[in-house]
Amino acid sequence: MASITFKSFIGLHQSSMEKHRHHSITTPSECLVPSQLHYRRLTVVAAKSSPTITGRNLRVAVVGGGPAGGAAAETLAKGGIETFLIERKLDNAKPCGGSIPLCMVEEFDLPMDIIDRRVTNLKIISPSNVAVTIGKTLKPHEYIGMVRRELLDAYLRDRAEASGATIINGLFVKMDKPQEKNAPYILHYNTYNGKTAGERTSIEVDAVIGADGANSRVAKSIDAGDYEYLIAIQERIKIPDKKMKYYENLAEMYVGSDISPDFYGWVYPKSDHVDVGTGTLRHKPDIEKLQLATRLRVGEKIQGGKIIWVEAHPMPQHPRPRRVVERVALVGDAAGYVMKGSGEGIYFAAKSGRMCAEAIVEGSENGRKMVDEGDLRSYLEKWDTIFGPTFKKMDMVDKVFYRSNMGKEAVVELFRHEYAQKMILESYLYKTVATVNPLERLKLAVSSIGSLVRANA
Ligand SMILES: Cc1cc2nc3c(=O)[nH]c(=O)nc-3n(C[C@H](O)[C@H](O)[C@H](O)COP(=O)(O)OP(=O)(O)OC[C@H]3O[C@@H](n4cnc5c(N)ncnc54)[C@H](O)[C@@H]3O)c2cc1C
């Protein structure tokens with residue numbers, strides 16, 4: 001399996017040499033802006049001088065219990081940190097298509113009973129309804145997972161609780177920042193039962209992970225700056241069993257200006273319904289019209305179906321200008337980690353939550369020492385090194401793919417090539433760039449030029 005693995009943090013021992021670590025500090029101009037992922041780094045050698053904590057362990061609050069928060073809280077708790085996870089709605093069903101890559105199932109050890117469907121065929125449908133099915137290059141054990149978010153999120157939160165995290169059903173409201181070095185943050189929240197707000201309560205912690213999604217209040221509290229966002233809508237549609245059979249292990253993606261000028265429409269199968277949705281960055285007021293057009297294009301395959309749920313939510317398009325400020329770090333959608341063009345964010349949320357928590361566990365020496373901004377920044381550095389180039393590449397793909405209907409026709413045509421299918425599926429399933437075969441790549445390049453010339457003729 002080609003997935004990326006990281007050094008385990010549990011029981012990590014540091015030699016005295018390691019305590020004089022190299023901190024690579026990113027200057028404020030590190031801002032990731034959409035078309036210009038640019039970093040300026042200043043590497044300094046610093047001695048770790050954070051005080052040892054006595055009588056207790058480091059306390060960290062994770063705000064938000066989606067995949068980012070659940071993964072972060074589990075990692076913190078396992079690493080010896082006193083962990084509090086604040087989630088406003090414990091039965092939350094985050095608006096989401098719920099497609100996840102195989103590497104997430106493996107890396108996060110997800111049980112099969114929370115995966116509704118294992119998709120092995122992905123049909124891409126062009127503006128003129130030319131359909132190309134990709135999937136024949138998959139190995140027998142490979143698939144795209146389809147989950148319902150209410151199940152996935154609850155599972156990850158429960159696992160965090162079983163690892164020792166305290167789950168608080170509350171709505172985070174605001175945060176008082178420490179006035180002195182190493183003083184605690186005070187987080188104010190309303191106890192909440194999903195319907196009515198209860199009492200205002202507060203909690204003191206040493207560090208905070210903001211995993212509270214696209215409308216993050218933690219991000220606002222630290223003045224993290226804004227991002228462009230797409231609005232995405234989705235309907236859960238219960239279709240007759242016979243029609244459901246067609247989608248048993250098939251997902252569909254529709255492109256064309258009727259569906260969206262700058263995104264795609266989808267049909268993703270779940271256990272007893274299909275999710276049909278679309279999104280747009282530049283035409284937000286038209287979102288309902290675009291959704292209607294998507295349903296029309298799917299056509300008779302969902303005819304006779306009943307809409308049982310309608311949901312919509314913003315989708316960040318690039319990371320926020322500031323993702324770590326002092327002892328507060330943002331992860332997942334709160335940080336802006338959604339892949340432009342594809343809208344994929346579940347894996348990146350869980351991964352960033354875990355990576356940020358690993359940095360805190362390591363920096364605090366399993367909860368025994370206070371952490372500082374440098375400890376939290378080490379997560380950013382790893383993140384940007386591993387995923388920065390992929391996000392940058394998708395930014396370029398997005399610009400080419402969504403430019404015109406002709407361009408979309410050309411790209412769909414390219415997916416007829418097995419080599420193109422293999423590349424796209426492997427990079428999705430494993431979050432790595434597939435090994436390039438020079439001859440196949442040359443053939444694909446020649447064919448790409450042909451398709452683009454025809455598209456622009
Ligand atoms: C319509 C749509 C379809 C999508 N489809 C896919 C897909 O198929 N595959 C994919 O990979 N990605 C998809 N995404 C993106 C994906 O949903 C997100 O990237 C992912 O949910 C991010 O996870 P997260 O944990 O960072 O944030 P979220 O999942 O948004 O979780 C944040 C949590 O914080 C809680 N919260 C928020 N504010 C507070 C507060 N003040 N106090 C306490 N709790 C709070 C919320 O209740 C929520 O549980 C889709 C997005 C949309 C909108």
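We did not get these values from a lab; they are worked out from the coordinates using the rules stated. Only a predicted model underlies this, so the values are computations on that prediction, with no experimental measurement involved. FYI the Cβ positions are ideal-geometry reconstructions off the backbone, even for glycines, and counts take in every protein chain you see.
For the reader, a short list of remarks on this structure follows.
- Hz values of 3J(HN,Hα) by residue in the range 200-212 - Karplus curve (6.51, -1.76, 1.60), Gly and Pro given as x: 6, 9, 9, 9, 9, 9, 8, 8, 9, 10, x, 10, 9
- Cut-off 12 Å, label 7 Å out along Cα→Cβ of Lys393, residues of the range 262-304 by amide N: none
- Mean projected area in nm² (Cα convex hull; one quarter of hull surface) for the range 301-402: 9.3
- Computed Rg/Rh of the range 142-222, alpha carbon atoms with Kirkwood Rh: 1.04
- Stretchable slack from Lys89 to Thr54, in nm (0.36 nm times residue separation minus alpha-carbon distance): 9.2 nm
- At R0 = 56 Å, FRET efficiency that the Cβ-Cβ distance of Lys243 and Ser202 yields, to 0.05: 0.60
- The alpha-carbon atoms of the range 348-406 define a convex hull whose volume equals 76 cubic angstrom per residue.
- Debye log10 I(q)/I(0) for the range 111-245, one point scatterer per Cα, at q = 0.22 Å⁻¹: -1.48
- Extreme residue, positive dipole direction of the range 317-434, given options Cys356, Leu414, Met370 (C-beta unit charges): Leu414
- Ordering of 286-296, 99-109 by packing is 99-109, 286-296, highest average first (other Cβ atoms within 10 Å, averaged per residue).
- Each principal axis of the Cα cloud of the range 58-162 was taken in turn, and the coordinate range along them, longest first, works out to 56, 27, 21 Å.
- Modelled label positions at Glu311 and Asn190, each set 7 Å beyond Cα in the direction of Cβ, lie 2.2 nm from each other.
- Order by protection proxy (mean Cβ within 10 Å, highest first), peptides 144-157, 324-337, 110-123: 324-337, 144-157, 110-123
- Spatial offset of the range 186-228 relative to the range 316-381 amounts to 16 Å, using the alpha carbon center of each.
- For Lys136, a cut-off of 19 angstrom between C-alpha atoms picks up these aspartates and glutamates, skipping any fewer than 8 places away in its own chain: Glu248, Glu252, Glu413, Glu418, Glu426, Glu440.
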